[in-house]
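Asks: I have a structure here, written as structure tokens, and I will follow up with some questions on it.
The values are calculated or read from the model by the stated rules, or taken from the named source; none is laboratory data. Keep in mind it's a predicted model, so treat the numbers as computed, not measured. Neighbour counts run over all protein chains shown; Cβ positions are idealised from the backbone, glycine included. The area values use the complete protein model at the heavy-atom level, side chains included, leaving out ligands, DNA and RNA. Shrake-Rupley method; radii C 1.70, N 1.55, O 1.52, S 1.80 Å.
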Amino acid sequence: MKTILCYGDSNTWGYDPVATAASAFPRRHAHDVRWTGVLARELGPSYRVVEEGQNGRTTVHDDPIMGNRNGRKYLPACLESHKPIDLVVLMLGSNDLKAMFNLPAGEIAAGAGQLVKLIRQSDAGVEAAAPQVLLLCPPPVGDMSHLPDLDEKFTGVAAKAKRFPQHYAAVAQLHGCAYLNTQTVVTPSTLDALHLEAGEHEKLGKAVADKVREIMN
């Protein structure tokens, strides 16, 4: 059985924008609805899909408000606890768009590149080798003008997110890992402009499964 570790933020955790809109706290898509669950279904019993998503997780930055969201700090322990890992699917960068970090798209992608480098230098793979990596460019960001508090937190990020694909593709090429641009696959919910509704999880899970088969065969 091959092990696939999916390391990401709220869209990997399965944040449900529809249910959350009517709730006092974040709600999660059901396991089989989340893209990681779709991935497991599509790949079948010869694969074990490990879901490691966290709301608010960044690539390499400390969030002074939420705390414990730095993806680089948790990643080594995560790799250690799940090894041997055949492939790490990495999708982070959306939370780095927050105004508090004030980062250009290229530096956000470079942060993701630091995580790719860490994975590729680890011994978390089969026979203490490094796992393979599939880097996912984060989804696009929609219009937040109807949500003034969120719009202020993510000031002007839609245009910046559109520049992600070129930078993430360059990072993947630099580090010699596989790459998938999710912006050609999914569209965020109009409710919060950030998170994926059920149908988008289905599309993403299938697209990632196709890419995983290409990598592992």
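Asks: Which shape class applies to region 31-88: rounded if a/c is under 1.5, otherwise prolate when a/b exceeds b/c and oblate if not, where a ≥ b ≥ c are the square roots of the Cα gyration tensor eigenvalues?
Replies: oblate
Asks: Let me ask something additional. According to the square roots a ≥ b ≥ c of the eigenvalues of the Cα gyration tensor, what is the shape class of region 136-217, taking rounded for a/c under 1.5, prolate for a/b larger than b/c otherwise, and oblate for the remainder?
Replies: oblate
Asks: While we're looking at this one, here's another question. Convert each backbone phi in region 88-93 into a coupling constant with the Karplus relation 6.51 cos²θ - 1.76 cosθ + 1.60 (shift: θ = phi - 60°), then list the ³J(HN,Hα) values in order as whole Hz, x for Gly and Pro.
Replies: 9, 9, 10, 9, 9, x
Asks: Under a 5 Å amide H to amide H cut-off, with H placed in plane at 1.01 Å, what residues pair with Y179 once short-range neighbours are removed?
Replies: Excluding prolines and chain starts, which carry no amide H, the hits are L135.
Asks: Please find, in a Gaussian network model of the chain (springs between Cα atoms separated by less than 10 Å), the residue of N181, N102, N11 whose mean-square fluctuation is greatest.
Replies: Of the options given, N102 has the highest mean-square fluctuation.
Asks: I'd like the Karplus ³J(HN,Hα) series for region 178-186: coefficients 6.51, -1.76, 1.60, θ = phi - 60°, whole numbers in Hz, and an x wherever there's a Gly or Pro.
Replies: Result, ordered by residue: 6, 8, 9, 8, 5, 5, 8, 10, 10 Hz.
Asks: Here's a follow-up. How far, in degrees from 0 to 90, does helix 71-82 lean away from the longest principal axis of the Cα atoms of the chain, to the nearest 10?
Replies: Approximately 40 degrees, to the nearest 10.
Asks: Same structure, new question: Run the helix sum for the chain: -39,500 (n - 2.57) per DSSP H stretch of 4+ residues, divided by residue count, reported at 222 nm to the nearest 500 deg cm²/dmol.
Replies: Estimated from H runs of four or more residues: -12000 deg cm²/dmol.
Asks: Right, another one. Note the angle between two axes, namely the Cα long axis of helix 164-175 and the longest principal axis of the Cα atoms of the chain, as a number of degrees from 0 to 90, rounded to the nearest 10.
Replies: Roughly 20 degrees, rounded to the nearest 10.
Asks: Of G14, A30, P45, which is farthest on the positive side of the dipole of region 2-97, counting Cα position, with +1 on Lys and Arg Cβ, -1 on Asp and Glu Cβ, and the Cα centre as origin?
Replies: P45
Asks: Order the following by accessible area, largest value first: H61, H31. Probe radius 1.4 Å; ligands, DNA and RNA are ignored.
Replies: Output order, biggest surface exposure first: H31, H61.
Asks: What's the local net charge at T190, with K and R +1, D and E -1, over the other residues with C-beta under 11 Å away?
Replies: -3
Asks: Measure off, as a whole percent, the carbon and sulfur share of the 1.4 Å-probe accessible area of the chain, all protein chains present.
Replies: Ligands and nucleic acids excluded, carbon and sulfur reach 51 percent.
Asks: Right, next: Using a probe radius of 1.4 Å on heavy atoms only, what accessible surface per residue do you get for the chain? Whole Å² is fine.
Replies: 44 Å²
Asks: Taking θ as phi - 60°, what are the ³J(HN,Hα) couplings along region 122-130 by the Karplus curve (6.51, -1.76, 1.60), each to the nearest whole Hz, with x for Gly and Pro?
Replies: 8, 10, 7, x, 5, 6, 6, 8, 7
Asks: Now for a different question. Assigning unit charges at the beta carbon (Lys, Arg +1; Asp, Glu -1) and nothing else, what dipole magnitude in debye, to the nearest 20, does region 1-106 show about its Cα centre?
Replies: 80 debye
Asks: If you line up the long axis of helix 105-120 against the longest principal axis of the chain, both from Cα atoms, how many degrees apart are they, to the nearest 10?
Replies: Around 20 degrees separate the two axes.
Asks: For a bin width of 5 Å, list the pair-distance distribution of region 25-152 built from all Cα-Cα distances, rounded to whole %.
Replies: P(r) over region 25-152, rounded to whole percents: 2, 9, 17, 20, 21, 16, 9, 4, 2, 0, 0.
Asks: Once Rh for the chain is found with the Kirkwood sum over Cα pairs, what is the Stokes-Einstein diffusion coefficient at 37 °C and 0.692 mPa s, in µm²/s?
Replies: 191 µm²/s
Asks: Under a GNM of the chain (C-alpha, springs under 10 Å), which listed residue has the highest mean-square fluctuation: G44, G56, G106?
Replies: Looking only at G44, G56, G106, the biggest GNM fluctuation is shown by G44.
Asks: Further question on the same structure: Which of A209, A99, G125 sits closest to the plus end of the dipole of the chain, meaning its Cα is farthest towards the positive end, when Lys and Arg get +1 and Asp and Glu get -1 on the C-beta?
Replies: Positive-most Cα among the choices belongs to G125.
Asks: If T184, T3 are ordered by their accessible area, calculated over protein heavy atoms with a 1.4 Å probe, which sequence runs from highest to lowest?
Replies: Ranked from most to least accessible, the order is T184, T3.
Asks: Still on this model: Once amide H atoms are placed 1.01 Å from N in the peptide plane, what residues at a sequence separation of 5 or more from A130, or on another chain, have their amide H within under 5 Å of its amide H?
Replies: For A130, whose amide H was placed from the backbone, the distant partners under 5 Å are G125.
Asks: Averaged over all directions, how much area does the convex hull of the C-alpha atoms of region 92-141 cover when projected, in nm²?
Replies: 3.8 nm²
Asks: For K153 and Y74, what does the FRET efficiency come to when R0 = 22 Å and r is the distance between their Cβ atoms, rounded to the nearest 0.05?
Replies: Working from the Cβ atoms, E equals 0.45.
Asks: Calculate the dipole size of the chain relative to its Cα centre from +1 charges on Lys and Arg beta carbons and -1 charges on Asp and Glu beta carbons; express the result in debye to the nearest 20.
Replies: 360 debye
Asks: Can I ask one more? Where the only charges are on Cβ atoms (+1 Lys, Arg; -1 Asp, Glu), what is the dipole of region 44-112 about its Cα centre, to the nearest 20 debye?
Replies: Using only the charged Cβ atoms, the result is roughly 60 debye.
Asks: Give the lysines whose C-alpha is closer than 25 Å to that of K203, dropping any in the same chain fewer than 8 places away, or say none.
Replies: Reachable lysines: K2, K160, K162, K211.
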